[in-house]
Amino acid sequence: MTAAIFDLDGTLLPGTSAEREFIRFALKTGQQTAPEAIRAFLSWAVRIPTRGIQSNKTYFGGGEMNLLAETTETFCQQQLTHHIPDQAQRLIAAHRTAGDCLGIVSGAPEILIAPLKDLLDLDFVVGTKLACEQGRLTGDLDGPHVSGREKVRQADEVARTYEFDLRESTAYGNAFDDRFLLVEVAHPVVVNPDIRLARLARKKGWPICIFS
């Protein structure tokens, strides 16, 4: 069996990210007030230089894990899926028809994007896990951020679980960090690439798609 593995932010979600859309959703639905959002962003911004990537989910700190999980079901259905373009939806359907194992491996918080598994009829959704203590999010990560070489490691684990051949599969990505996974598969596809990935794709002869 082979698979089709999609990146999310900037790929299935061209021009935006799951976290950005969640903040908009939270403000629109009253889950978070504007002053709270501003304070959370400032807290995130000032802590990044000293605490690095482990602190870049600070604005989640103090939230109830169960409440967030309930909220993200509505968020994915009402907001996130509407940002996935028709080209991407048709591509997912084509891979499903071909019998490929389908899924997302993304740096986005897994708790935000987990409902996409059922909404898009996928086999798996893997994201960055958020740390939780006594039912509340700490604002830190529970394990590594899923990007770069870590995305390859996560894809390898999924391949073992679902028994597909990663090296004969297809992967879609938009950022230069996605190159680590793209070089591991038989069919790399570049979507809405940043400058460095576009240059690499042209050099290697990888197909380039534009989702809008």
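Here Leu102 qualifies as farther than 25 Å from Leu27 by Cβ and touching a residue at least 60 places away in the same chain (Cβ under 8 Å). Of the helices (runs of 4 or more DSSP H) contained entirely in the range 112-192, those carrying at least 3 residues that are among the aliphatic types (A, V, I, L, M), at pLDDT 95 or above and surrounded by 15 or more Cβ atoms within 10 Å (Cβ to Cβ) fall at 149-162.
Which one of these is under 24 Å from Phe180 (Cα atoms), touching a strand residue (DSSP E or B) at 6+ places or on another chain (Cβ under 6 Å) and of a type outside the set (Asp, Glu): Gly148, Gly103? Talk me through it step by step, then tell me what you get.
Numbers: Gly148 fails: touching a strand residue (DSSP E or B) at 6+ places or on another chain (Cβ under 6 Å).
Every option except Gly103 fails the conditions.
Taken together, the criteria place Glu19 among residues that are modelled with pLDDT of 80 or more and closer than 30 Å to Val190 by Cα.
For Asp194, are the conditions met, namely being free of Cβ contacts under 8 Å to residues at least 12 places away in the same chain and either in contact with a strand residue (DSSP E or B) (Cβ under 8 Å, 6 or more places away or on another chain) or farther than 18 Å from Leu91 by Cβ (or both)? No: the conditions fail for Asp194. Within the range 5-26, residues that are in contact (Cβ under 8 Å) with a residue 12 or more places away in the chain and within 19 Å of Lys117 (Cβ to Cβ) sit with their Cβ atoms under 6 Å from residues that are among the β-branched types (Val, Ile, Thr) and part of a loop (DSSP other than H, G, I, E, B), at 6+ positions apart or across chains, in these pairs: Leu12/Ile84.
Restricting to the range 139-156, name every residue that is more than 23 Å from Leu197 (Cα to Cα) and in contact (Cβ under 8 Å) with a residue 24 or more places away in the chain. Gly139, Asp140, Leu141 - these are the residues of the range 139-156 that are more than 23 Å from Leu197 (Cα to Cα) and in contact (Cβ under 8 Å) with a residue 24 or more places away in the chain.
The values are calculated or read from the model by the stated rules, or taken from the named source; none is laboratory data. Because the structure is predicted, anything quoted here is derived from the model rather than measured. Note: ideal-geometry Cβ built from the backbone for every residue, glycine included; neighbour counts use all protein chains shown.
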